[in-house]
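Worksheet: the structure to be examined is printed underneath.
The values are calculated or read from the model by the stated rules, or taken from the named source; none is laboratory data. As the structure is a computational prediction, the values presented were derived from the model and not from experiment. Here the Cβ is made from the backbone with ideal geometry for all residues, glycine too, and neighbour counts use every protein chain on show. Accessible surface is based on the protein model in full, side chains and every heavy atom, while ligands, DNA and RNA are left aside. Shrake-Rupley method; radii C 1.70, N 1.55, O 1.52, S 1.80 Å.
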Amino acid sequence: MSNTLTTAAHYGPCLARKGDYEIIDCQACGFAHSTPLPTEDTVEQIYTAEYYSAVKPEYIALVEKERTWHESVFNERLGVLEGAVQGRRLLEVGSGPGIFLQTAVSRGWTVQGFEPSREAWAYSTKVLHMPVENTFFTHEKTQNEPFDSAYLGLVLEHIPNPIQMLENVRRCLKPEGVICVVVPNDFSPLQRALHEQGFPEWWVAPPHHLNYFTHESLKRILERTGFAVISQTATFPLEIFSLLGMNYIGNDEVGRKCHQLRCDFEKTLDDVGLHQMRQEIYALCQKYGIGRECVAYARVNNIA
Ligand SMILES: [Zn+2]
């Protein structure tokens, strides 16, 4: 995989600075990203060796602890994919500990994951017995038979060339294939409101987060890489907690409490039969540019 875009090709107004990095609203790419962009070697080093051991030491244990909530989120997304495609072959890029793959298998999907982190890969293969390659994804590494769906959950913000990644994933999909992409929603109206009140720009985190998407720019990059967006939604706008005085920024303990409240909120609505209302609330969040994450479903655009 080579980085086809050189630093000189990127231009646009500076949105934020952190250390040696600037985040520019890149007019060439159509989304905000850091400059300079680290080399692919640096990024590979981060994700093969360091990420789950040094950056997120308790990540896998935490995911397991919150498995019920993760499964409910994943079941919802898989349900959307099942309504959009006929077949049940799924590719996941950046499959982490493998819970999404396992949830898909339980619904009858045949799956293939790619995960560069050794620890996450070891967990997904040896504990969960999921078919995962311990490598960065390239389309040459998939088998010849194309996939019906692809899932990229919290991947595109980490890699130096998300355009190339989406083009490669599209090549692995059937002509009617559908992708689901989830990325953090950054420089959102609620984040900007908090920043104006003196909060730091905590979401700016190079070199771990290189790219900074909004609902609009996620739609743009999908269209640019040969997809037609079917639907978009958001996840819970966590920033509301800080706006209400429950400031989780830089405080992991409060952060865990806020996350738990969000999980309880979702579970309560589902338990009392208000699942549809919750979905509509999150769709409205997307409309107003908020929600902690952007979620998009898009079909291969054969006209592109
Ligand atoms: Zn750019």
Requested in this report: Go through the range 31-46 and give me each residue that's within 13 Å of the ligand (Cβ to nearest atom) and surrounded by fewer than 19 Cβ atoms within 10 Å (Cβ to Cβ).
Outcome: 35, 36
Query raised in the report: Out of all the residues in the range 145-158, is one or more open to solvent by less than 40 Å² (accessible area, probe 1.4 Å) and either farther than 25 Å from residue 71 by Cα or in a helix (DSSP H, G or I) (or both)?
Result: no
Report task. Return only the number of the condition from (1) buried (at least 23 other Cβ atoms within 10 Å of the Cβ); (2) part of a helix (DSSP H, G or I); (3) polar (S, T, N, Q) that residue 168 does not satisfy. Result -> (1)
Query raised in the report: Taking only pairs six or more apart or across chains, which ones have beta-carbon atoms under 6 Å, a first residue in the range 169-198 that is in contact (Cβ under 8 Å) with a residue 60 or more places away in the chain, and a second residue that is exposed (fewer than 14 other Cβ atoms within 10 Å of the Cβ)?
Result: 175/302
Report task. Hey, can you tell me all the residues within the range 106-135 that are over 26 Å from residue 80 (Cβ atoms), part of a loop (DSSP other than H, G, I, E, B) and touching a strand residue (DSSP E or B) at 6+ places or on another chain (Cβ under 7 Å)? Result -> 135
Report task. Considering only the range 171-196, state which residues are touching a Pro at 6+ places or on another chain (Cβ under 8 Å) and part of a helix (DSSP H, G or I). Result -> 190
**Report entry** Every pair of residues 6+ apart whose Cβ atoms lie under 7 Å, when the first sits in the range 243-255 and is closer than 10 Å to residue 199 by Cβ while the second is of a type in the set (Phe, Trp, Tyr) and surrounded by 15 or more Cβ atoms within 10 Å (Cβ to Cβ)
**Finding:** 249/199
Query raised in the report: For the range 93-114, which residues satisfy the criterion of being under 11 Å from residue 74 (Cα atoms) and among the hydroxyl-bearing types (Ser, Thr, Tyr)?
Result: 103
Query raised in the report: With respect to the numbered conditions (1) open to solvent by less than 20 Å² (accessible area, probe 1.4 Å); (2) out of contact with any His (no Cβ under 6 Å at 6 or more places or on another chain); (3) farther than 23 Å from residue 82 by Cα, which one is the sole condition not fulfilled by residue 272?
Result: (1)
Query raised in the report: Based on what the data block shows, is residue 235 open to solvent by less than 30 Å² (accessible area, probe 1.4 Å), among the β-branched types (Val, Ile, Thr) and closer than 17 Å to residue 76 by Cα?
Result: yes
**Report entry** Among the residues listed as 154, 173, 166, the single one being on the phi > 0 side of the Ramachandran plot and within 20 Å of the chain's Cα centre (by Cα)
**Finding:** 154
Query raised in the report: Restricting attention to the range 117-143, which residues are open to solvent by 20 Å² or more (accessible area, probe 1.4 Å) and in contact with an Asp or Glu (Cβ under 7 Å, 6 or more places away or on another chain)?
Result: 121, 134, 136, 141
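Residues 257, 267: which one is of a type in the set (D, E, K, R) and closer than 24 Å to residue 201 by Cβ?
Exactly one of 257, 267 is of a type in the set (D, E, K, R) and closer than 24 Å to residue 201 by Cβ, namely 257.
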Query raised in the report: Considering 91, 78, which residue is at pLDDT 95 or above and either in a helix (DSSP H, G or I) or within 16 Å of the ligand (Cβ to nearest atom) (or both)?
Result: 78
Query raised in the report: Is there a residue being assigned to a helix (DSSP H, G or I) and modelled with pLDDT of 80 or more anywhere in the range 14-34?
Result: no
Query raised in the report: Could we say that residue 205 is open to solvent by 20 Å² or more (accessible area, probe 1.4 Å) and in a helix (DSSP H, G or I) here?
Result: no
Report task. Considering each residue of the range 7-26, count those that are near the ligand (Cβ under 8 Å from one of its atoms) and more than 16 Å from residue 159 (Cβ to Cβ), and give that number. Result -> 4
Query raised in the report: Which of (1) under 28 Å from residue 38 (Cβ atoms); (2) out of contact with any Cys (no Cβ under 8 Å at 6 or more places or on another chain); (3) in a helix (DSSP H, G or I) is the odd one out, the single condition residue 199 does not satisfy?
Result: (3)
